[in-house]
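Student: Supplied in structure tokens, the structure appears directly below.
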Amino acid sequence: MSLDPLAILTAFGLIFLAELPDKTMFASLAMGTRMRPLYVWFGTSTAFIVHVAIAIGAGSLIGLLPDWIVKLVSAALFAFGAFMLLRSGSGDEDEETETKTVTGFWPVYSTAFMAVFISEWGDLTQITTANLAASNGTWSTAIGSAAALMSVSALALLAGRFIATRVPLKTVQRIGGLCMLGLAIWSVTEIFVG
């Protein structure tokens, strides 16, 4: 097992930026206002780790293909991610949530786990993680992606209100989209150069 610090940082940066304006951050914030934040974080973190494992497995399968095909698939996935981030940004979707208070470790943990586990299927961060795993190595990508997802959840629980009211999420989406667009171009360039 070899860890590449640059691959870890790349995965962390991309996944962090892609997840920051995501509905899961707001779900964590909402759950944290009615439930014990540490229990919520354990639940969301476990769900994120399961999704990273699934994405890494998919990326490993993609990695068995010839190198030029992997780079072409990576470029297409990064371009898709860039498109999704750059075209989104309305941020006006207000999801109504129940006001029922959940207490106790297992009920809070289960609620947080299921909320994230269900909502993250096919999410941009899962697709990006699979893509990165195919080209940057599984363990490095897994560590960077899981750390980013868990960090966003913790950030939402600790400082979510501040971020939601003061940092324009559209700006974060644009930065993430431009980063992904740059990686798409880089992946296509590698087909012809490398």
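The values are calculated or read from the model by the stated rules, or taken from the named source; none is laboratory data. Just so it is clear, the structure is predicted and the values come from calculations on it, not from any experiment. Cβ sites come from the backbone with ideal geometry, for glycine too, and all protein chains shown count toward neighbours. Heads up: the accessible areas ignore ligands, DNA and RNA and are worked out on the full protein's heavy atoms, side chains in. Shrake-Rupley method; radii C 1.70, N 1.55, O 1.52, S 1.80 Å.
Student: Cβ under 10 Å from Thr125's Cβ, Thr125 left aside: what net charge do those residues give with Lys, Arg +1 and Asp, Glu -1?
Tutor: Neighbourhood net charge equals -4.
Student: Still on this structure, I have one more. Within the set of other residues whose C-beta is less than 12 Å from the C-beta of Ser135, count the net charge using Lys and Arg as +1 and Asp and Glu as -1.
Tutor: -2
Student: Now, a different point. So between Lys170 and Ser60, what do we pick up on full extension, going 0.36 nm a residue minus the alpha carbon distance?
Tutor: So the extension gain works out to 36.4 nm.
Student: Using the basic label-point model (7 angstrom from Cα toward the beta carbon), what is the Trp139 to Phe80 distance in nanometres?
Tutor: If labels sit at Trp139 and Phe80, their model points lie 2.9 nm apart.
Student: Cα centroid distance between segment 1-69 and segment 106-141, in Å?
Tutor: So the two Cα centres are separated by 5 Å.
Student: Hey, another quick one. Given a 1.4 Å probe and the protein chains all in place, what does the accessible area of Trp121 round to, in Å² to the nearest 10?
Tutor: 130 Å²
Student: A further question follows. Which net charge results for the neighbourhood of Val116, defined as the other residues with beta-carbon distances under 11 angstrom from its beta-carbon, given Lys and Arg at +1 and Asp and Glu at -1?
Tutor: Cβ neighbours under 11 Å give a net charge of -3.
Student: What is the distance, in nm, between label points placed 7 Å from the Cα along the Cα-to-Cβ direction at Phe192 and at Leu72?
Tutor: 1.5 nm
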